[in-house]
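Only one structure is covered here, and it is reproduced in the block below.
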Amino acid sequence: MRLAGIRFPISWASFGLPSPFAARGTVVAEGEVAWAWDQPAPDFGIASFAVPSADDLPGWEVDHVVLLVPDVEPVAEVLAGELRLRMEVRGRPTAFFRVGTVLEVIETSVPAPRLYGIALATGEPLEDVAGRWREAGHDVSEVRDAIQPGRRIFTVRGLRAGLVVMDLPPAE
């Protein structure tokens, strides 16, 4: 299974990004929260959408998409073949699935599964991106160390969906 597209109520143009755009094989679009799969979507109650055509956005990737759930186990059963890692993150059971990009599933006190946000990664210096987005009027945190060793991240606050930007992972 591959997550072919993701849609969030984020004005990508306000960040200087096209909408839609493709990043690491996943199309990112603007609109009400929904996802699209290369086969029938897993039945977690998340809306689906038809993936629009989109050009690759050079220098950018979708690092991961965050799904909040009341219980990780049903997701782990459905996506068992895609499971890459299970661990606690900030005291919450979390599972990571490779579905083209990474789907990070976090157990929390939501009544039903919901797509929370997206982590983009860029090869551009994070301070440059954060500064440009602050100048465009966005509430952007300082660049800090990410949970993943050797990586850095910043958060964009005040949106209707979670958005973070990370540096690209080190070459393997």
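The values are calculated or read from the model by the stated rules, or taken from the named source; none is laboratory data. Remember, predicted model here, so these are calculated numbers, not experimental data. Here Cβ is always computed from backbone atoms with ideal geometry, including for glycine, and neighbour counts include all displayed protein chains. With ligands, DNA and RNA removed, areas are computed over all heavy atoms of the protein, side chains included. Shrake-Rupley method; radii C 1.70, N 1.55, O 1.52, S 1.80 Å.
Some values worked out for this structure:
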{"quantity": "Efficiency of FRET from Cβ geometry, Glu32 and Leu83, R₀ 35 Å, rounded to 0.05", "calculated": "0.75"}
{"quantity": "The stretch 64-172, accessible area per residue, ligands and nucleic acids excluded (1.4 Å, Å²)", "calculated": "52 Å²"}
{"quantity": "Inter-part distance where the stretch 28-87 and the stretch 110-145 are each reduced to a Cα centre, Å", "calculated": "19 Å"}
{"quantity": "Nearest-ten-degree value, helix 126-135 long axis tilted from longest Cα axis of the chain", "calculated": "70 degrees"}
